[in-house]
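One structure below.
Values in this text are rule-based calculations from the coordinates and carry no lab data. Because the structure is predicted, anything quoted here is derived from the model rather than measured. Virtual Cβ from ideal backbone geometry, glycine too; neighbours counted across all protein chains shown.
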Amino acid sequence: MHISYETFTEHARALEERIAEIRADCGRLPGEVKLMAVTKTHPVEAAGYAARYGLPCVGENRVQEAVDKIARADFRISWELIGHLQSNKAALAARHFSRIQSVDSIKLVNRLKLCCEKENRTLPILLQINTGNDEAKFGAREDDASSLLETALSSARLKVEGLMTIAPLSGTPNPARRAFSRLRELRGRLQTAFDIDLPELSMGMSGDLREAVEEGSTCVRIGSALFGTREG
Ligand SMILES: *Cc1c(COP(=O)(O)O)cnc(C)c1O
């Protein structure tokens, strides 16, 4: 990572202002949109910047990379998994992350359930739904969201806080906005059907921040706009 803490704070401030502007434009309230710093591929110092600045959480997309950083961190921040999780890494992930945003199969839900029972802990999760129907993306199909949620709710060990999606890069018109509005509408249907609250809508990255906030995002996951472009 080649940016200084000063540059990071400039980026973070600019982003917070941009989020506040878009949020106000569409009549949403202060505090409704959380800024997550995505630190994947960057050294542990990147998460240190986020902690020092006062951001609530960082996102990582590989379990082992994150576990190594968490072990070396001499600061406190919430570490969340936003990348695909294979069932064989479920135990490691359940042990180290404060929340897993990328829960996308019944098999994985059942694994996480068992791990949490063994370790006697409660794990906050989000269900990742592929509302963009992008074959290149992970995430459960929209049609499977209901059975996935039902399975997750059957365990008191898993606390389902909401939904997550990654927008597709192509499609017309405006594939990101469409994927985000579909996630919001799906959330509404699930809340009614199960009579529960699913407050978190994790959607939006550096390139589709505006669409995400306008469509109701409560957590934008920002990497390159904070730390610069990633190498590799
Ligand atoms: C990398 C990543 C991000 C951040 O992307 P940027 O375009 O760098 O802001 C957000 N969400 C997920 C799931 C990611 O893998």
task = At 0.36 nm per residue, minus the direct Cα-Cα distance, what do S98 and R121 gain on full extension? Give it in nm, one decimal, please.
result = 7.2 nm
note = Computed from the beta carbon distance with a Förster radius of 25 Å, FRET efficiency for E17 and R177 to the nearest 0.05 stands at 0.70
query = Could you state the per residue volume, in Å³, of the convex hull enclosing the Cα atoms of the stretch 118-218?
reply = 110 Å³
ask   = Order of 188-194, 175-181 by packing, highest average Cβ count within 10 Å first?
value = 175-181, 188-194
key: Separation of alpha-carbon centers, the stretch 126-141 and the stretch 190-207, rounded to whole Å   = 14 Å
request  = Report the extension gain between D25 and Q86 in nm, rounded to one decimal, defined as 0.36 nm multiplied by the number of residues separating them, less their alpha carbon distance.
outcome  = 18.0 nm
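Compute the FRET efficiency between D74 and T9 as 1/(1 + (r/R0)^6), taking r as their Cβ-Cβ distance and R0 = 25 Å, and round to the nearest 0.05. Spell out each step's value before the answer.
Details: r = 20 Å, r/R0 = 0.78.
It comes out at approximately 0.80.
Counting other Cβ atoms within 10 Å of each Cβ, which trypsin sites (Lys or Arg not before Pro) in the stretch 133-167 have at most 12 and sit in a DSSP loop?
Answer in residue order: R141.
Determine the relative contact order of the stretch 5-227: mean sequence separation of Cα pairs under 8 Å and six or more apart, normalised by residue count, in whole percent. Please list the in-between numbers first.
Numbers: 419 pairs, mean separation 42.1, N = 223.
It comes to 19 percent, rounded to a whole number.
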request  = Amide H neighbours of N174 under 5 Å, at least 5 residues apart or on other chains, H built in the peptide plane: list them.
outcome  = none
task = Let me know the charge dipole size of the stretch 5-227 about its Cα centre in debye, to the nearest 20, where only the beta-carbon of Lys, Arg (+1) and Asp, Glu (-1) is charged.
result = 600 debye
inquiry  = Helix-only mean residue ellipticity at 222 nm, the chain, DSSP H runs n ≥ 4 weighted -39,500 (n - 2.57), per residue, nearest 500. What is it?
reply    = -13500 deg cm²/dmol
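Using per-residue counts of other Cβ atoms within 10 Å, averaged over each peptide, order 161-169, 195-203 from highest down.
Going by the mean number of other Cβ atoms within 10 Å, highest first, we get 161-169, 195-203.
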request  = State the answer as a single residue: which of N130, V63, S181 lies farthest towards the positive end of the charge dipole of the chain, with beta carbon charges of +1 for Lys and Arg and -1 for Asp and Glu, about the Cα centre.
outcome  = V63
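Hey, what's the Kirkwood Rh for the chain if you take every pair of different alpha carbons, in angstrom? Can you show the working numbers first?
Values: mean 1/r = 0.0558 Å⁻¹.
One over the average 1/r among Cα pairs gives 17.9 Å for the chain.
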